[in-house]
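Q: Dumping the structure here so I can ask a few things about it.
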Amino acid sequence: MKIGTRSILFGVHQFAIHPWFVAWAWWRLYGFPCDLRLWVAFFVHDLGYWGKPNLDGPEGERHPEFGAKVMSVFFDTIGQHNRIDVLQRDGNALFGSWSSFCLYHSRFLAKQAGMPYSRLCVADKLAIALTPAWLYLPMAWLSGELGEYMEGETARSPAGNRSAREWFRALQKRMAA
């Protein structure tokens, strides 16, 4: 079973746990998420990891495309009332479509497209800071993600000589900031 699939089934992107932390992060950042479309985005934004051989490699970096496609099919229809710009704050639209809202939760894809990352990206990062170590670390270890995240030259945030717990505390501080 590929690491992306393990992540969704029992890892840090677990389909029944991670979305709740994203929702909690959204609530803390922007207020309670009353729009059903936000809840759908919380639950589909990382499902594109399914079948991916890595999380941070070329295949894993494209994982938001699946969630963006789901959001596009169900919520990006002709007519302004279905566009995400109904979520305006101070007159500034967040994004033109729900698919881009989901797609640009990836800083990598947003930068590649010359677009700003979405508010979902910010909530997704804060979700890491909100997830307790007693939950995150066993899931990351069980799925094999821990090694990819903290070990080796290509690690997302190398641990160096720190323990997994110390590494995660530092990661949480960085994500909260």
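The values are calculated or read from the model by the stated rules, or taken from the named source; none is laboratory data. Nothing here was measured: the structure is a model prediction, and the numbers come from that model. Heads up, the Cβs are rebuilt from the backbone with ideal geometry, glycines too, and the neighbour counts pull from every protein chain shown.
So that you can scan it fast, the table gives a plain yes or no per residue for (1) of a type outside the set (A, V, I, L, M); (2) surrounded by 22 or more Cβ atoms within 10 Å (Cβ to Cβ); (3) part of a loop (DSSP other than H, G, I, E, B); (4) without any contact (Cβ under 8 Å) to a residue 12 or more places away in the chain:
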residue	(1), (2), (3), (4)
101	yes, yes, no, no
105	yes, yes, yes, no
116	yes, no, yes, no
121	yes, no, no, no
124	yes, yes, no, no
129	no, no, no, no
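Q: Just to be sure, is residue 55 at pLDDT below 95, surrounded by 15 or more Cβ atoms within 10 Å (Cβ to Cβ), farther than 16 Å from residue 119 by Cβ and within 12 Å of the chain's Cα centre (by Cα)? Before the answer, list the steps.
A: On the way: at pLDDT below 95: yes; surrounded by 15 or more Cβ atoms within 10 Å (Cβ to Cβ): yes; farther than 16 Å from residue 119 by Cβ: yes; within 12 Å of the chain's Cα centre (by Cα): yes.
Yes.
Q: Can you pull out every residue in the stretch 63-96 that is at pLDDT 85 or above and among the polar types (S, T, N, Q)?
A: 72, the sole residue that qualifies.
Q: Hey, another quick one. Looking at 154, 131, which is the one that is among the β-branched types (Val, Ile, Thr) and at pLDDT 90 or above? Can you show your working first?
A: Working: 154 fails: at pLDDT 90 or above.
Answer to the selection: 131.
Q: Taking the stretch 7-56 as the region of interest, how many residues are part of a loop (DSSP other than H, G, I, E, B) and in contact (Cβ under 8 Å) with a residue 24 or more places away in the chain?
A: Just the residues of the stretch 7-56 that are part of a loop (DSSP other than H, G, I, E, B), to begin with: 11-17, 31-35, 45-46, 50-56.
So of that shortlist, the ones also in contact (Cβ under 8 Å) with a residue 24 or more places away in the chain come out as 11-15, 17, 35, 45-46, 50-56.
Residues meeting the conditions: 16.
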